[in-house]
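To start, the structure itself, in structure tokens.
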Amino acid sequence: MYPSSESVAAVMEASREGKTARLMELLEWNPTLANAKDDSSGLGGLAPLHWAAMNNRVEVVELLVRRGASIDTTDCSELTPIHYAVEAGHNEVASSLLRLKASVDAKDQYDQTPLHTAAASKLSRSGEAIRTLVSHGATLDARRADGFTPLCLAVYLGREGAVSDLLMSGADPRVEVKGAGNAFQIAEREHRARVGAVLRSWNQMRALDRDLGMLHMLRGQISLATSEDNDDTMRSGDRWDYAAQCRKYYAASRKFRRAFPDHQWNAR
């Protein structure tokens with residue numbers, strides 16, 4: 001049955017307002033309404049799932065998907081419901097969509113993924129969205145049509161929290177954007193001093209982290225020398241080098257973590 005404009009308006013309202021009983025009635029009457037498109041909103045081609053996602057209606061999302069709604073339905077800009085959920089800061093809805101197998105790397109007309117959307121967000125919950133997307137396999141260094149990765153975009157916009165979360169999740173600051181450079185160069189050119197400080201601290205931490213394997217090897221040699229009571233092998237210089245390097249590493253680590261006290265460090 002081809003839905004009337006009145007029934008389309010009704011299903012959009014029920015999805016937007018979280019009226020699950022009314023929505024069930026409408027879907028029983030005409031199941032095709034689960035995938036109806038609203039061209040009267042001025043936003044262009046929104047489906048019931050878009051309205052539910054942007055208004056944090058978890059129950060509605062789950063009901064619509066059970067009734068056959070396409071979970072990766074797109075509007076006229078090719079934005080999917082998870083793009084809308086992330087943009088609005090509704091992590092619960094985003095998590096629900098991902099559990100229901102929404103594409104974590106869905107791309108809009110500019111090849112922007114939900115992770116790009118989270119990286120660009122000014123909302124305080126953007127870090128939670130980033131971690132949720134990454135935990136569901138989001139491509140950290142996905143490129144938009146202009147070549148920007150989520151990290152480069154966050155650096156360009158000066159989103160310190162997003163930069164920190166993306167780095168902690170494994171985003172590569174060395175990835176280059178044609179005509180813009182890598183994350184370090186973008187921060188310098190855009191005069192993002194605080195973001196630049198985050199990148200430098202992270203770079204120092206990673207460099208020290210790479211050295212930690214050798215330090216542990218040195219510690220093993222020192223322990224062996226101690227157990228064998230071999231004074232020739234057990235040099236005081238070795239002991240001092242290991243201790244100094246460890247202090248340097250943990251000082252850098254503490255500095256970076258103090259800069260972002262709200263990050264869920266224990267979730268790594």
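Nothing in this text is a laboratory measurement; each read-out follows from the coordinates by a stated rule. None of these values were measured; they are calculated from a predicted model. Cβ atoms come from the backbone with ideal geometry, glycine included; neighbour counts cover every protein chain shown.
The Cα atoms of the stretch 1-146 give a gyration tensor whose axes a ≥ b ≥ c have a/c of 1.5 or more with a/b greater than b/c, which makes the shape prolate.
Could you list the trypsin sites (Lys or Arg not before Pro) in the stretch 84-140 that lie in coil according to DSSP, counting only those with at most 12 other Cβ atoms within 10 Å of their Cβ? Answer in residue order: LYS101, LYS122.
By counting other Cβ atoms within 10 Å of each Cβ, how are TRP51, TRP29 ranked from fewest to most? Don't jump to the answer; show the numbers that get you there.
Details: TRP51 26, TRP29 13.
Least to most surrounded, the residues fall as TRP29, TRP51.
For the pair ARG174 and GLU78, label points projected 7 Å from Cα toward Cβ lie 3.1 nm apart.
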